[in-house]
Amino acid sequence: MKRFKTFRKFKILLYCLSIIIPAAFFVTAGCLMPSPSYTGSPGGTSGPTISSSGCFPGSNAQIRSDIFYLVNNERQSKSLTRLTCDMYVSNIAQNHAMDMARRNYFSHISPEGKNHTARLNDAGTKYILAGENLAWGQNSGRDVINKWMNSSGHRANILYKDFNAMGVGAYGKYYVLILIKK
């Protein structure tokens, strides 16, 4: 009888391991992705129809494009209009990301005291309303969006109904999103 109980425990252990080991393999292989800690984002493959093509020339084009699509996915999930990509605003955002990285600061305000509206005005950008989100240290566009969507002020900017265009900058681990109403 003792031998039967030992065999039964061994059989249960093998059954549990047959579930746990494959699940661990799939998670580490990336087949089973954990759910993001924010809600509302569709999966990464079905992006909005508004294209970012040509809006992000030069460095970090892929992560900038990812942020563009993920911002629009967030808006779309809340039945808001998708934003267009403004190449001029993207250049301003990119320049601010590069400036922060090169001069080692992290702020909406440059060491000279200029904020996003001053940068937009200096570039001659026509807009009615503007907002800016910054992030530092993330490794992917999804990580950046996750950070912003878990922050009430950043989330409010992304989901503000009156914005109709955006520009995205990324340099090193510095990320800038400028949202405008034209």
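The values are calculated or read from the model by the stated rules, or taken from the named source; none is laboratory data. Since the model is a prediction, treat every value here as computed from it, not as a measurement. Note that each Cβ is placed from the backbone with ideal geometry, even for glycine, and that neighbours are counted across all protein chains shown. To get the accessible areas, we keep the full protein, side chains included, count just its heavy atoms, and leave off ligands, DNA and RNA. Shrake-Rupley method; radii C 1.70, N 1.55, O 1.52, S 1.80 Å.
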*Does the range 92-99 contain any residue that is open to solvent by 40 Å² or more (accessible area, probe 1.4 Å), at positive phi and more than 15 Å from the chain's Cα centre (by Cα)?*
no
*Pick from the range 125-140, criterion out of contact with any strand residue (DSSP E or B) (no Cβ under 8 Å at 6 or more places or on another chain) and closer than 24 Å to A61 by Cβ, ranking: surrounded by the fewest Cβ atoms within 10 Å (Cβ to Cβ)*: N139
*Mind checking whether some residue in the range 127-136 is of a type outside the set (V, I, T), within 20 Å of S77 (Cα to Cα) and touching a residue at least 40 places away in the same chain (Cβ under 8 Å)?*
yes
*Could you tell me whether N115 is in contact with a strand residue (DSSP E or B) (Cβ under 9 Å, 6 or more places away or on another chain), open to solvent by 10 Å² or more (accessible area, probe 1.4 Å) and modelled with pLDDT of 95 or more?*
yes
*asked:* Just to be sure before I move on: is K173 among the basic types (K, R), in contact with a strand residue (DSSP E or B) (Cβ under 9 Å, 6 or more places away or on another chain) and within 15 Å of R82 (Cα to Cα) in the structure I sent?
replied: no
*Give me the pairs: first residue in the range 142-163 and aromatic (F, W, Y), second residue open to solvent by 80 Å² or more (accessible area, probe 1.4 Å), beta-carbon distance under 7 Å, and six or more apart or on different chains, which are they?*
W148/R155
*Is the range 67-75 home to any residue that is assigned to a helix (DSSP H, G or I), modelled with pLDDT under 85 and open to solvent by less than 80 Å² (accessible area, probe 1.4 Å)?*
no
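Please work out if W148 is within 19 Å of D86 (Cβ to Cβ) and surrounded by 13 or more Cβ atoms within 10 Å (Cβ to Cβ).
Numbers: within 19 Å of D86 (Cβ to Cβ): yes; surrounded by 13 or more Cβ atoms within 10 Å (Cβ to Cβ): yes.
It is true that W148 is within 19 Å of D86 (Cβ to Cβ) and surrounded by 13 or more Cβ atoms within 10 Å (Cβ to Cβ).
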*For the range 47-61, state whether one or more residues are open to solvent by less than 40 Å² (accessible area, probe 1.4 Å), modelled with pLDDT of 95 or more and either in a helix (DSSP H, G or I) or of a type in the set (K, R) (or both).*
no
